[in-house]
1. Non-local amide H neighbours of residue 214 (under 5 Å, H modeled in plane, Pro and chain starts lacking H): which ones?
2. Work out how much length residue 11 to residue 82 would gain on full extension: take 0.36 nm times their residue separation and subtract the Cα-Cα distance, in nm to one decimal.
3. Which value, in Å², gives the accessible area per residue of segment 155-266 when a 1.4 Å probe is used on the protein heavy atoms?
4. Please give the per residue accessible area of segment 53-112, computed with a probe of 1.4 Å over protein heavy atoms only, in Å².
5. How large, in percent, is the carbon and sulfur part of the accessible surface of segment 167-266 at a probe radius of 1.4 Å?
6. With only alpha-carbon atoms in the gyration tensor, what are the semi-axes of the equivalent ellipsoid for segment 184-253, in Å, largest first?
7. Measure off 7 Å from each Cα along the Cα-to-Cβ vector at residue 67 and residue 255, then give the distance between these two points in nanometres to one decimal.
Amino acid sequence: MAVAVFELVWRLLHALLWLQRTLGAWLRRGMCAWARWNAALLARGSQDTRNKGQSRRARWRADGRGLKKLPLHLGLVVTEEESSYTDIASLVVWCMAVGISYVSVYDNQGIFKRNNSRLMEEILKQQQELLGLDSSKYSTEFLNSTRKVEQVLCCPTTVKVLSPDDGKANIVKAAKKYCQLVAQQQRRSTDLNVNIMDSLLREGSSSLPDPDLVLKFGPVSSTLGFLPWHIRLTEIISLPSHINLNYERFLSALQQFAACEQRMGK
């Protein structure tokens, strides 16, 4: 009797061991198959992202080339109380994508300039999300930073973040400089003209060409101190808000600029 019970237990244990091995093998095969499927899915998703980014970049570049004229330097002026780093970053990326060489970002509270690193990080993030390219391949220059940061565009673009200190305060400094030159008899008071003032304003700073176009966001009918000397001949287009602004509205503003006739003060 004891022998029969022992034999029954032994067979039961043997059956359980076989079942465990069978289930283990099945699970391993299932996990391997799942891993291969997941890797293939990720690879396809990555390829789709790259293809989508390349398609966007090609379309946006074609939009830029299709315009009769494109601003060399575009200013983004925010007069709203609320600021969106994500939306401003998208605007900067769109500027780069259509081929604009210089972009300046301004708000009269100096929020973007004080948080320049955060804005740069958001721009890099938006480049990857909107264009889907390898961000390690290209570099762009941020004039407010002491270091170069990576970007994902094949066109060189310079970005500068400005505050009121870069506007009226610089005019005051230039005026003081000219007074010193007069006091030192290196200049006469009657020598002052537009060209001399322009030269003094550009001394000791990273020189950007004057903005061709300013996109002003918000209800305020003023640029609130944005480079007052440099926008004498600038075209200004007002938009209700930079928040949730889509690419089509941005392109529409560029088309409006391309269609306008600039008389250069004449």
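The values are calculated or read from the model by the stated rules, or taken from the named source; none is laboratory data. Everything numeric here is computed off the predicted structure, so don't read it as measured data. Glycine also receives a Cβ, built like all others from the backbone with ideal geometry; neighbour counts cover every protein chain displayed. Note: accessible area is taken over every heavy atom of the protein model, side chains too, but ligands, DNA and RNA are not part of it. Shrake-Rupley method; radii C 1.70, N 1.55, O 1.52, S 1.80 Å.
1. The list, which skips near neighbours in sequence, is 75, 235, 236, 237.
2. 18.0 nm
3. On the way: 6370 Å² over 112 residues.
Value returned for segment 155-266: 57 Å² of accessible area per residue.
4. On the way: 2230 Å² over 60 residues.
Normalised by residue count, the accessible surface of segment 53-112 is 37 Å².
5. Numbers: 3000 of 5990 Å².
Looking at segment 167-266 in its full context, I get 50 percent from C and S.
6. Details: eigenvalues 242, 29, 20 Å².
Gyration-tensor ellipsoid for segment 184-253: 35, 12, 10 Å.
7. Calculated label separation equals 1.2 nm.
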